[in-house]
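The values are calculated or read from the model by the stated rules, or taken from the named source; none is laboratory data. In this text, all values refer to a predicted model and were calculated from it rather than measured experimentally. Neighbour counts run over all protein chains shown; Cβ positions are idealised from the backbone, glycine included.
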Amino acid sequence: MIDRSQLDIDRKVRLKLPHQTIGKQSPDTRTGNWDEVYLPITLEVAKAEAQRCIQCPSAPCITACPISNDIPGALWKLEHGDAYAAAEVFYQTSNLPEMCGRLCPQERLCEGACVVGKKAKPVAIGRLEAFVADVYRNHGGYDVGPLPAPTNQRVAVVGAGPAGMAVAEELVKKGHSVTVFDSWSEPGGVLLYGIPNFKMQKEILDQKLDYLRRLGITFIGDTYIGRDLTIEQLFEQGFHAVFLGFGASQGNQLEIDGGDLPGVAVATEYLVRGNLKPEQLPEEMRAPLPDAERVLVIGGGDTAMDCARTAVRLGAKEVTCAYRRTEAEQPGRQEERTHAAEEGVSFEYLAAPLCFEAGPDGHVARVQFARMKLGEPDDSGRRRPVPTGEEFTVAADTVVIAIGYTIDASVPSDAGVAVCDGLVVIDKGTGRTDRAGVFAGGDCVNGADLVVTALADARRAANAIDQYLAGEREAAA
């Protein structure tokens, strides 16, 4: 921990230090490429921004972080010029700071709790986390050090996304053998098959996966647990424990007429076909997306913004995002909506789709909407959209449905574990399910949530699995 009595500058002075501008590509430039929106920052800029942290003893930023990153400790190292040491502080509690720094909604977490933010702009914690993690991964931080002696115990991980990657890393560092199974061809889960390149370049994920493989983790793709291989078969093959981290990958559907028309796509299919190479996809998704003039995205969250911004980069002339409430109730990050608007995406609020209509060629051509107004709050606390009786039409030759995700119910059914409201039931402190030897975490437990909450679940579960395996060894002795 930091001896805060040694602060170089008085806190009152720090509060007056100017916020450092983090550069972005201009909208006109970035819509012509797939590079990250934010431009690289220099060490001097990072140091100056880190110095704005007042090192407050209460550190509410730590409390607001689901994995309790020691943010003041990391920024103290950074302001003194040691970005590598700052990254090491983050890596003590996080498996993916290079990704969390880019993808976390910091305004709702650490930056939202930042004391500096009560008087001025909060410290740019997310950008600084990404900066120091990039220094770390590009300057030897991914070297594989000595590992403990093998325990000769094997763990199967179902799902190669953030939760699966994190639990695998933690367990292999405890001496266990880990194999990760995923239904997609390549590992990464939502980090590969959900996050567009303009939010996180894929080489960042590639470097992390290369490191995990060098640690000894085995990844097996194109394997659908519950269909190609069952949980029972995993145990029969000699695995001593199973971790379920398969996420919430089933896109919600609109139960309205015309949903099966050509040109109507769910968000995941649209994103992967727009962002990835054909060889990374199943055969049925390898055809390139057809050219589109008018793209309509239905939904209001971050996935909807990802789809809309992808459409812009694919050359659509008009991109509209339709949402049944107003912007005040819209889920997701304000930053993502701002970026979308800067890139030319228009918004149609208080609009609920009624049906998809085809043109003469049988392809989707328009969507009929009901105009809504806001009524009383619903169970989510947001005001419920209520029809006004007015209807209107929006022309579109491509429609993308981005209205949230649910988990694949077949996996927990195969695993024989308890489910409530479609989600796997666990002990929150350990990730244990009601079946001995089976643990779970991430979106399959929480619903579609954050990378950082998946990491928190995974790290707790890894400790519990290690303890469970230790008991197994003792029983066998």
Out of (1) crowded, with 17+ Cβ neighbours inside 10 Å; (2) assigned to a loop (DSSP other than H, G, I, E, B), the one residue 274 does not meet is (2)
Has segment 250-273 got any residue that is of a type in the set (Phe, Trp, Tyr) and closer than 23 Å to residue 361 by Cα?
yes
Residue set 188, 175; condition surrounded by fewer than 17 Cβ atoms within 10 Å (Cβ to Cβ) and part of a loop (DSSP other than H, G, I, E, B); output residue 175
* Asked: Taking residue 470, is it without any contact (Cβ under 8 Å) to a residue 24 or more places away in the chain and either in contact with a strand residue (DSSP E or B) (Cβ under 7 Å, 6 or more places away or on another chain) or assigned to a helix (DSSP H, G or I) (or both)?
  -> yes
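Could you please find all residues in segment 424-477 being among the hydroxyl-bearing types (Ser, Thr, Tyr) and either touching a helix residue (DSSP H, G or I) at 6+ places or on another chain (Cβ under 9 Å) or within 30 Å of residue 102 (Cα to Cα) (or both)? Outline the logic, then answer.
Let us first name the residues in segment 424-477 that are among the hydroxyl-bearing types (Ser, Thr, Tyr), namely 430, 433, 453, 468.
Within segment 424-477, 430, 433, 453 qualify.
Which ones in segment 284-308 are more than 21 Å from residue 352 (Cα to Cα), assigned to a helix (DSSP H, G or I) and not acidic (Asp, Glu)? Show your work before the answer.
First pass over segment 284-308, keeping only residues more than 21 Å from residue 352 (Cα to Cα): 284-293.
Within this subset, residues satisfying the condition of being assigned to a helix (DSSP H, G or I) are 284-285.
Within segment 284-308, 285 is the sole residue that qualifies.
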Restricting segment 110-130 to residues that are touching a residue at least 60 places away in the same chain (Cβ under 8 Å) and surrounded by fewer than 23 Cβ atoms within 10 Å (Cβ to Cβ), the one nearest to residue 163 (Cα to Cα) turns out to be 127
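Run down 47, 77, 16 and say which single residue is in contact with a Phe, Trp or Tyr (Cβ under 9 Å, 6 or more places away or on another chain) and not aromatic (Phe, Trp, Tyr). Step through it out loud before you land on a result.
Working: 47 fails: in contact with a Phe, Trp or Tyr (Cβ under 9 Å, 6 or more places away or on another chain); 16 fails: in contact with a Phe, Trp or Tyr (Cβ under 9 Å, 6 or more places away or on another chain).
None of the other options fit; the residue is 77.
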Note on segment 191-213: residues out of contact with any Phe, Trp or Tyr (no Cβ under 8 Å at 6 or more places or on another chain), in a helix (DSSP H, G or I) and more than 17 Å from residue 163 (Cβ to Cβ) are 202, 203, 204, 206
Scanning segment 11-69 for residues that are touching a residue at least 24 places away in the same chain (Cβ under 8 Å), part of a helix (DSSP H, G or I) and over 21 Å from residue 82 (Cβ atoms) gives 11, 27, 30, 60, 63, 64
Within segment 450-466, residues being surrounded by fewer than 24 Cβ atoms within 10 Å (Cβ to Cβ), more than 24 Å from residue 301 (Cβ to Cβ) and aliphatic (A, V, I, L, M) number 1
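Under the condition of being among the small types (Gly, Ala, Ser) and part of a strand (DSSP E or B), which residue from segment 391-449 is surrounded by the most Cβ atoms within 10 Å (Cβ to Cβ)? Spell out the reasoning first.
Applying the first criterion (among the small types (Gly, Ala, Ser)) to segment 391-449 yields 395-396, 402, 404, 409-410, 413, 415-416, 418, 422, 429, 431, 436-437, 440-442, 447-448.
In the following step, the residues that additionally are part of a strand (DSSP E or B) were identified as 395, 440.
Numbers: 395: 15, 440: 31.
Result: 440.
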Taking segment 299-352 and the residues there that are of a type in the set (Val, Ile, Thr) and in contact (Cβ under 8 Å) with a residue 24 or more places away in the chain, the one that is nearest to residue 405 (Cα to Cα) would be 303
Has segment 131-143 got at least one residue that is in contact with a Leu (Cβ under 7 Å, 6 or more places away or on another chain), under 23 Å from residue 42 (Cβ atoms) and surrounded by 22 or more Cβ atoms within 10 Å (Cβ to Cβ)? yes
Picked from segment 320-371 (must be in a strand (DSSP E or B) and within 24 Å of the chain's Cα centre (by Cα)), the residue surrounded by the most Cβ atoms within 10 Å (Cβ to Cβ) is 321
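Conditions tested, residue by residue: (1) over 21 Å from residue 203 (Cα atoms); (2) touching a helix residue (DSSP H, G or I) at 6+ places or on another chain (Cβ under 9 Å); (3) assigned by TED's automatic domain parsing to the domain that holds residue 308.
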position	(1), (2), (3)
12	yes, no, no
15	yes, yes, no
20	yes, yes, no
27	yes, yes, no
33	no, yes, no
39	no, no, no
43	yes, yes, no
47	yes, yes, no
Please verify whether residue 191 is of a type outside the set (Asp, Glu), within 30 Å of residue 353 (Cα to Cα) and not assigned by TED's automatic domain parsing to the domain that holds residue 449, treating the condition exactly as stated. no
